[in-house]
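First comes the structure, then the notes that go with it.
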Amino acid sequence: MSFEDMLADLQAREEKAQAMGGPERLARREAQGVMNARSRIDSFIDEGSWVETGLLAVSSIVPEDRDKTPADGKVAGFAKVDGRTVGVVANDFTTKGASSSATNMKKIGHVKRVATERGFPMVFFGESSGARMPDNMGAKGMGVNLGNDPHQYIRNRESPWASAVLGQCYGSSAWYTCLADFSVFRKGAVMAVASPGLASFAIGQDVEAEDLGGWKLHERVTGLIDRVVDTDEEALEQIKQFLSYMPSNCSELPPTAPVPAGSDDGAARILDILPDSRKRGYDVRKIINCIADSDSFFEFKPRFGRTVAVGLARLDGKTVGFIASNPMGKAGALDVAGCEKATRFTVMCDSFNIPLILLVDTPGFVIGIEGEKQKAPGKIMNFMQALQMCTVPKLSVIMRKTYGQAYLNMGGGRNSDDVVAWPTAEISFMDSHFATEIVTWGQDASEETKQAIREQMDKDSSAYDLAEIYGVQAVISPADTRRYLIQQLEIHQLRLSGGIGKHRMSAWPTTY
Amino acid sequence: MATTEVTSEIIGSVWKIVKSQGDSVAEGEEIMILESMKMEIPVEAPVAGTLMEIKVAPEDSVEEDQVLCLIES
């Protein structure tokens, strides 16, 4: 064969691999407005930056599949996104449902290993039907093929992972999404352990895909998803936005960004948002937007665990993580979902050298049987332990109420590097109304007696009382909060380690 | 013309309705106040427009995601 013929043969093989599952299947997706694996990559990465690995890989288990498995159904490689290197695995659902088999698992393993060892993020575009059959059936399927990689699901958070759920996600697409630091879900997609079909055959449970693993379930009930969007394009954009806050790996500082004009103007508006009445709720996300650089707040899980709002933002151009009580949800009382959300977010920020800012307005923890059934004490301690093990700078702002154990969970009692209070702050073990009922329980106390006790209980619970015993380092006007936090972040920089934390929770789970 | 459903963020009850059917509302303007866990939770207009229908009355119980009113804009 001449060189010319050899190169023509190479080109033909490449074109066949790039054609994925063929023009008919691709056309059907296009008609449905759904992108394919390669168009997702093209849309996501910097133009001309794609370096594919394993383009000519095919099925290595079933000989008849060799011609039907271009790239073995999973497109893998490296690229630049906003000028920074990332590893990408995009499932090609038109090729055997992007099912997992021996060759494509080696491809994923390679990209993950390179991203981890060379220090850049991993991005997964999830859409897969699960393990390929018959490849993985029987003793040889399991003993030789599926999952024979003892490092496949280890997350040590060496570099950030992001995942998009863009279709049916069973098997590896679901697993990698759950292991990711950030996940986004396109409406209409499904993420579950197994398909509704299998649920029907195996356990006789007839369930619609949306009910089994649709966006509402994951956005509101499981909290496994960070954001929900309407289109593939929006999902890819959200991952780019997430990555813009993150360092390429745990040994780097997060990138900085220019400070948008007008960012210093918001803090003066806080008092327009904070109600006069301590009984009136407000959306703490508006306060975050007043403190952070303009338009920089990127919220995680906005409809899960809504007693607390968490998200990345920038303060004076530097990435920070906000954990903020939200009185719009259960009066800001931390519940199980809120604790899970705060724990996961704390671990992520600590693992990637992102300082934490806690905004506090909580009457305590949600009590009652529902929480106890969901292991509330354990969840509270997970969050508490995460906060105490955290080695990135932590700053707390007591806006209004901070009671009991929740005072500690939100950074009080030296659990933050600096605690500052607004004059509106109230600090105590619990609300004086409840405390009075407890101490007069069974005593048939008169209302006058209770009122006297309440007044006694309400004493010494102001911001100034806490300042006198140096329980807070300062009491400031809300309008000074942004400036104060910027100054404190400067003071608390981790100079001895070049800004890099100890990452003591880097191997903690990604789901609680 | 587009119709926007204004939904409850929380489980609670309707404490006070501030606006009336037919009123114009600006984005972020308070329409009603719910009560939940002894807190007053304001319901604000997500878009500017005309308040076409109020589907709840004071003291009604409301569920999370329940439609409270419609805004046409």
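Annotations
- Residue in segment A:375-391 that is in contact (Cβ under 8 Å) with a residue 24 or more places away in the chain, surrounded by fewer than 24 Cβ atoms within 10 Å (Cβ to Cβ) and farther than 19 Å from A:Tyr512 by Cα present: yes
- Residues of segment A:34-81 classified as crowded, with 19+ Cβ neighbours inside 10 Å and touching a Leu at 6+ places or on another chain (Cβ under 7 Å), total: 5
- Which numbered condition B:Gly28 fails, given (1) loosely packed, with under 15 Cβ neighbours inside 10 Å; (2) more than 12 Å from every other protein chain (Cβ to nearest Cβ): (2)
- All positions within segment A:90-110 that are within 22 Å of the chain's Cα centre (by Cα) and more than 21 Å from A:Ala194 (Cβ to Cβ): A:Ala90
- Count - residues of segment B:1-25 that are assigned to a strand (DSSP E or B) and either within 14 Å of another protein chain (Cβ to nearest Cβ) or touching a residue at least 40 places away in the same chain (Cβ under 8 Å) (or both): 12
- Selection of first residues in segment A:469-485 that are polar (S, T, N, Q) and of second residues that are surrounded by fewer than 19 Cβ atoms within 10 Å (Cβ to Cβ), restricted to Cβ pairs under 8 Å at least 6 apart or on distinct chains, gives the following pairs, ordered by first then second residue: A:Ser477/A:Pro423.
- Within the set A:Gly305, A:Gly338, the sole residue that is within 14 Å of another protein chain (Cβ to nearest Cβ), in a loop (DSSP other than H, G, I, E, B) and either crowded, with 23+ Cβ neighbours inside 10 Å or touching a Leu at 6+ places or on another chain (Cβ under 8 Å) (or both) turns out to be A:Gly305.
- Residue within segment A:276-298 that is part of a strand (DSSP E or B), in the same structural domain as A:Cys349 (by TED's automatic domain parsing) and touching a Phe, Trp or Tyr at 6+ places or on another chain (Cβ under 9 Å) present: yes
- Some residue of segment B:32-50 being closer than 22 Å to A:Arg280 by Cβ, within 14 Å of chain A (Cβ to nearest Cβ) and polar (S, T, N, Q): yes
Let's see how each residue does on (1) assigned to a loop (DSSP other than H, G, I, E, B); (2) surrounded by fewer than 16 Cβ atoms within 10 Å (Cβ to Cβ); (3) touching a His at 6+ places or on another chain (Cβ under 8 Å):
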| site | (1), (2), (3) |
| --- | --- |
| A:Ile438 | no, yes, no |
| A:Trp441 | yes, yes, no |
| A:Lys450 | no, no, no |
| A:Glu455 | no, yes, no |
| A:Val472 | yes, no, no |
| A:Asp480 | no, no, no |
| A:Arg483 | no, yes, no |
| A:Gln487 | no, yes, no |
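The values are calculated or read from the model by the stated rules, or taken from the named source; none is laboratory data. Owing to the predicted nature of the structure, the values given are computational and were not obtained by experimental measurement. As a convention, Cβ positions derive from the backbone with ideal geometry for all residues, glycine included, and neighbour counts pool all protein chains shown.
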